[in-house]
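Reviewing the structure listed below.
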Ligand SMILES: [Cu+2]
């Protein structure tokens, strides 16, 4: 009898231990633990009602999406704006950037306090020779960024008041038909250096 009881006792303890193990292992993964944590902080009703977590999670998802989608309210975003440094005495420089428009717009003019004129140029190869042609205006569509880059569309700064020095910044104003003036900060980089692309 005694032995039988002891064995039965051991059996119960053993079964308690084996019952506890999966509970501990599962705890971080179950929605019950998330529910009880939320309940503890007063976000939800007691755990016997599991359904309030669904609208709460939906609300969190909607908030995250809205925040991500409306992060920038600017109609025009200029990124990766850079210009190669120019040698001493140079009066001509170039500038490159990526322009994104929330709604289609037309880029119609350019100005900078450090240059007499700023023109949009397109480099094209004609009979194997690179030629630069002035472009009066360009459409920035809503779904495709306009990328100004070496050997493509670029801004030409003529009549520089001072050479462009690596490590400095210059300001350049882009004039859009709808969005109006947008001033971009252009980082001057050592000649031959390329900016990081994200
Ligand atoms: Cu040019």
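When each of 118, 135 is tested for being at pLDDT 95 or above and surrounded by 15 or more Cβ atoms within 10 Å (Cβ to Cβ), the lone residue that passes is 118.
For the stretch 117-158, the strands (runs of 3 or more DSSP E) that sit wholly inside it and include 2 or more residues that are within 10 Å of the ligand (Cβ to nearest atom) and either closer than 27 Å to residue 90 by Cα or touching a helix residue (DSSP H, G or I) at 6+ places or on another chain (Cβ under 7 Å) (or both) are 129-135. Here residue 100 meets the list (1) assigned to a strand (DSSP E or B); (2) surrounded by fewer than 18 Cβ atoms within 10 Å (Cβ to Cβ); (3) away from the ligand (no atom under 14 Å from the Cβ) almost entirely, failing just condition (2).
How many residues, within the stretch 159-198, are farther than 17 Å from residue 80 by Cα and assigned to a strand (DSSP E or B)? The total comes to 6.
Among the residues in the stretch 74-91, are any within 14 Å of the ligand (Cβ to nearest atom), within 14 Å of residue 175 (Cα to Cα) and either under 26 Å from the mean Cα position of the chain (by Cα) or assigned to a loop (DSSP other than H, G, I, E, B) (or both)? Among the residues of the stretch 74-91, not one is within 14 Å of the ligand (Cβ to nearest atom), within 14 Å of residue 175 (Cα to Cα) and either under 26 Å from the mean Cα position of the chain (by Cα) or assigned to a loop (DSSP other than H, G, I, E, B) (or both), which makes the answer no. Here is a check on your reading of the model: is residue 149 surrounded by 12 or more Cβ atoms within 10 Å (Cβ to Cβ) and free of Cβ contacts under 8 Å to residues at least 60 places away in the same chain? Taking the combined requirement at face value, the residue satisfies it. Of the residues that sit in the stretch 103-115 and are more than 14 Å from the ligand (Cβ to nearest atom) and in contact (Cβ under 8 Å) with a residue 60 or more places away in the chain, which one is surrounded by the fewest Cβ atoms within 10 Å (Cβ to Cβ)? The selected residue is 103.
The values are calculated or read from the model by the stated rules, or taken from the named source; none is laboratory data. Everything quoted here is computed from the prediction, not taken from an experiment. Because the Cβ atoms are built from the backbone with ideal geometry, glycine has one as well, and the counts that use them run over all protein chains shown.
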